[in-house]
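The values are calculated or read from the model by the stated rules, or taken from the named source; none is laboratory data. Keep in mind that what you see is a predicted model, and the values were worked out from it rather than measured. We place every Cβ from the backbone using ideal geometry, glycine too, and count neighbours over all the protein chains shown. Note: areas computed on protein heavy atoms with side chains; ligands, DNA, RNA excluded. Shrake-Rupley method; radii C 1.70, N 1.55, O 1.52, S 1.80 Å.
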Amino acid sequence: MIEVVRARPEHVEGIVSVCSDGYRATYVDLHTQEYIEKVISDFYNDERVLKEVENSSKDWGGYFVALDGDQVVGAAGGGMTGDETGELFVIYLDPTRRNEGIGSLLLGAVTDQQKDWGATTQWVSVVKENQKGIPFYEARGFIFQSEQDNWLDAKATKTLRYKREI
Ligand SMILES: CC(C)(COP(=O)(O)OP(=O)(O)OC[C@H]1O[C@@H](n2cnc3c(N)ncnc32)[C@H](O)[C@@H]1OP(=O)(O)O)[C@@H](O)C(=O)NCCC(=O)NCCS
């Protein structure tokens, strides 16, 4: 059985692992190896993730983890970007555990938190051509809004903005 809880320091190693493995598996055909490894070392290192587990606010609601026993099999987090607007900032799974409903449980936890804070709309950014992410968001009711340059590298694959009412 999968349980979704707010992440605690003992989950940091598992979050780093699912986000790094998930990121590599997702973007292997979409980004250069150099870009992938830079993002992973900047964002999914123990020090940064521990800070993001220990410090939360409405801007960053902290990580939620999906646990199978005591193993972290997925991680997600988001925050408020306006009084009634929330955003999913990150969601990754152990790549061998996709399509079991775990992503929906994680999205549900982030969404409940944002609804408690007054959100009625929820946004997400997804890399154009990310066929491991886009069908999930569309299945959960997100609707395409616009296309933007990649925030880290304007020459890289474009980013798509999606939103849904919650
Ligand atoms: C996106 C992700 C978190 C979704 O989690 P998941 O546990 O695989 O998704 P679920 O099993 O909860 O699926 C929910 C719905 O999405 C649909 N879906 C998910 N991935 C799909 C895919 N690749 N193609 C078609 N449908 C898909 C499922 O069929 C399901 O629909 P239903 O509820 O109508 O039956 C996970 O697949 C993942 O880690 N992907 C790679 C990382 C990624 O792209 N993250 C997003 C970065 S922006």
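Observations on the structure shown:
- In this structure, Lys58 does satisfy being touching a residue at least 40 places away in the same chain (Cβ under 8 Å) and open to solvent by 90 Å² or more (accessible area, probe 1.4 Å).
- If you go through region 110-151 and keep only what is more than 14 Å from the ligand (Cβ to nearest atom) and not small (Gly, Ala, Ser), you end up with Asp112, Gln113, Gln114, Lys115, Asp116, Trp117, Thr120, Thr121, Ile143, Gln145, Glu147, Asp149.
- Any chance Gly82 is in contact (Cβ under 8 Å) with a residue 12 or more places away in the chain, under 25 Å from Trp117 (Cα atoms) and of a type in the set (Gly, Ala, Ser): no
- Residue in region 50-63 that is of a type in the set (A, V, I, L, M) and in a helix (DSSP H, G or I) present: yes
- The one condition in (1) more than 13 Å from the ligand (Cβ to nearest atom); (2) open to solvent by 70 Å² or more (accessible area, probe 1.4 Å); (3) touching a residue at least 12 places away in the same chain (Cβ under 8 Å); (4) among the charged types (D, E, K, R) that Glu52 fails to fulfil: (2)
- Filter result (open to solvent by 50 Å² or more (accessible area, probe 1.4 Å), within 21 Å of Asn55 (Cα to Cα) and within 12 Å of the ligand (Cβ to nearest atom)) within region 75-109: Phe89
- Matching option when the condition is at pLDDT below 95, of a type in the set (A, V, I, L, M) and open to solvent by less than 30 Å² (accessible area, probe 1.4 Å), among Val127, Val72: Val127
- Close contacts from region 126-140, counting a first residue that is more than 18 Å from Arg164 (Cβ to Cβ) and a second that is within 6 Å of the ligand (Cβ to nearest atom) and not basic (Lys, Arg), with Cβ to Cβ under 7 Å and a gap of 6+ residues or different chains, come to Lys132/Thr26.
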